[in-house]
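*Asks:* Provided herewith is a single structure, encoded as structure tokens, for subsequent inquiry.
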Amino acid sequence: MRTSLLPIALAVAALAGSYQWYAARHHRRPGWDAGFVARTTAQLHLPYHEFAGTLAQPPSDARQHRLIRLPNNLVAVCVRDPNATTAAAALGVAIGSFADPPELMGLAHFLEHMLFMGTEAYPADNEYTAFIHANAGAYNAYTSLHETRFYFDVANGALEGALDRFAHFFIDPLFAPDCVDRELHAVDSEHKGNLQNDARRLFQIQRTLSDAAHPLSLFSTGNLHTLRGSARRRGLDLRQETMHFYNRSYSADIMALAVVGNHPMDQLVEWAVSKFSAVASKGRTTPPLPRRHPLGPAVLGKMVHYETIGSQHSLTLEFGLPELKTRYRTGAAGYITSLVDSRTPGSIFHLLRENGWATMVDAHFGTLDYDGFAIFEIKVVLTPAGYRCYEDVVHM
């Protein structure tokens, strides 16, 4: 969405995402309360729970961290960095495009846009963005298949005001009627921009070929046809449907917040608890995914030729694997990736380059943090000679 992000906000967004996964995975399960002790904030004496165990941190990270759980089950990590010249915050919610109704593809993405359009506490549709910009900050948000993240950075002195405006996205959004058409066109513009992006085109091919009963097969960005057009054909009010989607899906129980600043730790905790405890708790609202892999037997073993926008020749191999997110302690994903990515003598890249067939090999898990499945991808950038004998490249 909209504006550029400073590196600190991106890092905080990733931090929030890791705790958001923890919140969604462990909510109200046995052991959920293990290690958390009851506390009250220093100023307003508001209740919360603090993790009393040891948080794993890299040796190079000297910042102070505090993991807390609010009364509504929202998990937050507060990070005090006395050397920070900029403050930042991010909130992740375990609802993404996988939760889209099939008849309104792109609804989760459209909801992300509409949450910026004013709240009961701050009704002007540009209040949040104007405040961020006036305080040397930047903001953004994105909707992936399984989650939505919102984040900003701002001058340290403006952190409290930014947090208050930010929190109300998830407490009392207005879904301003006069902003619906504008944001629909913003979503449609994003889709049109993606049409010229070869990576997005390839991703859509993958989704089109996947199991039609799995939400991976749906169109996630949304456009005028799948949102406004589909709503009109079904006699639906798109704004009302967006509000219903928000009310049933956005729950504190599947949210995580990260806040970083140079303020005292007790102050960061005070702001997190006082401003986000009003987010409604609705239980675990993330919809379950089908148990079968989206790349089933009917999909595997196929070869697809497609025309790119750019002039680059490439070959992409995809492998359907079981979920790896819950096996993160084994390091399996990193091990497999490092083997394929290696450039040492005898590696895949070394052999391809020696034959004059490739200039790059990149391996990654594009769906590593999804529930229920993983997809391992190997991309090979081919030379003209490699393109002519791509079957030999595959066999290698």
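The values are calculated or read from the model by the stated rules, or taken from the named source; none is laboratory data. Note that the structure is a prediction, hence the values are computed from the model and not measured. All Cβ positions, glycine included, derive from the backbone under ideal geometry; neighbour counts span all protein chains shown. To get the accessible areas, we keep the full protein, side chains included, count just its heavy atoms, and leave off ligands, DNA and RNA. Shrake-Rupley method; radii C 1.70, N 1.55, O 1.52, S 1.80 Å.
*Asks:* Under 5 Å between amide hydrogens, which residues at least 5 positions from C389 or on another chain qualify, with H placed 1.01 Å from N in the peptide plane?
*Replies:* HN-HN under 5 Å from C389: empty list.
*Asks:* Less than 15 Å apart at the alpha-carbon level, and either on another chain or at least 8 residues along: which aspartates and glutamates does that give for K192?
*Replies:* Qualifying aspartates and glutamates at Cα under 15 Å: E183.
*Asks:* Students often forget the sequence filter, so: which lysines lie under 28 Å Cα-Cα from K325 once same-chain residues fewer than 8 apart are removed?
*Replies:* K282, K302, K379
*Asks:* For region 182-253 and region 74-133, what is the separation of their C-alpha centers, rounded to whole Å?
*Replies:* Between the Cα centre of region 182-253 and that of region 74-133, the gap is 18 Å.
*Asks:* Can you compute the helix-only [θ] at 222 nm over the chain? Use -39500 (n - 2.57) per DSSP H run of at least 4 residues, normalise by all residues, nearest 500 deg cm²/dmol. Don't jump to the answer; show the numbers that get you there.
*Replies:* Values: 13 runs with 128 residues, N = 396.
Result for the chain, helices only: -9500 deg cm²/dmol.
*Asks:* Nearest 0.05, what FRET efficiency do Y387 and R327 give at R0 = 45 Å with Cβ-Cβ as r?
*Replies:* On the way: r = 36 Å, r/R0 = 0.80.
Using R0 = 45 Å, I get an efficiency of 0.80.
*Asks:* Continuing with this model, one more query. Which net charge results for the neighbourhood of Y306, defined as the other residues with beta-carbon distances under 14 angstrom from its beta-carbon, given Lys and Arg at +1 and Asp and Glu at -1? Walk me through the numbers before you get to the answer.
*Replies:* Working: positive: R200, R201, R207, K302, K379; negative: D198, E307, E318.
Charge balance in the 14 Å sphere: +2.
*Asks:* Just to make sure I understand: if all protein chains stay in place, what is the order of M114, M396, M105, M360 by accessible area at 1.4 Å, largest first? List each step's numbers first, then the result.
*Replies:* Working: M114 5, M396 90, M105 45, M360 70 Å².
Reading off the accessible areas and sorting them downward yields M396, M360, M105, M114.
*Asks:* Quick check: net charge around A99, other residues with Cβ under 14 Å of its Cβ, Lys/Arg +1 and Asp/Glu -1? Provide the component values of the computation, followed by the final result.
*Replies:* Details: positive: R248, K282, R284; negative: D100, E103, E112, E147, E241, D371.
Value of the local net charge: -3.
*Asks:* What longest range of the chain stays clear of loop-exposed GluC sites (Glu not before Pro) (DSSP non-H/G/I/E/B, at most 16 other C-beta within 10 angstrom)? Provide the component values of the computation, followed by the final result.
*Replies:* Numbers: sites that count: E120, E307, E323.
The answer is 121-306.
*Asks:* Lys and Arg at +1, Asp and Glu at -1: add these up for the other residues within a Cβ distance under 15 Å of I348 and post the number. Write out the running numbers ahead of the final one.
*Replies:* Working: positive: R343, R353, K379; negative: D341, E354, D362, E377, D392.
Value of the local net charge: -2.
*Asks:* Across region 123-139, in residue order, what do the Karplus-derived ³J(HN,Hα) couplings come to in whole Hz, using 6.51 cos²θ - 1.76 cosθ + 1.60 with θ = phi - 60° and x for Gly and Pro?
*Replies:* Taking θ as phi minus 60°, the curve returns x, 5, 5, 10, 4, 4, 5, 5, 5, 4, 5, 5, 10, 6, x, 9, 8 Hz for region 123-139.
*Asks:* Roughly how many Å² of R80 are accessible to a 1.4 Å probe, to the nearest 10?
*Replies:* Rounded to the nearest 10, that gives 70 Å².
*Asks:* May I ask you to evaluate 6.51 cos²θ - 1.76 cosθ + 1.60, the Karplus curve with θ = phi - 60°, for each residue of region 142-159 and list the ³J(HN,Hα) values in order in whole Hz, giving x for glycine and proline?
*Replies:* Using θ = phi - 60°, the values come out as 8, 10, 9, 5, 10, 7, 10, 10, 10, 7, 7, 10, 7, 4, 3, x, 9, 4 Hz.
*Asks:* Something else: On the full set of protein chains, 1.4 Å probe, figure out the accessible area of S281 and give it in Å² to the nearest 10.
*Replies:* The accessible area comes out at roughly 60 Å².
*Asks:* Applying the Karplus parametrisation 6.51 cos²θ - 1.76 cosθ + 1.60 with θ = phi - 60° to the phi angles of region 342-359, what ³J(HN,Hα) value in whole Hz is obtained for each residue in order, glycine and proline being reported as x?
*Replies:* 4, 10, 6, x, x, 6, 4, 4, 4, 5, 5, 5, 4, 7, x, 9, 8, 10
*Asks:* Largest first, what is the accessible-area ranking of Y335, Y390 with a 1.4 Å probe?
*Replies:* Sorted descending by solvent-accessible area, the residues read Y335, Y390.
*Asks:* Simple spin-label model, 7 Å along Cα-to-Cβ: T85 to E190 in nm?
*Replies:* 3.1 nm
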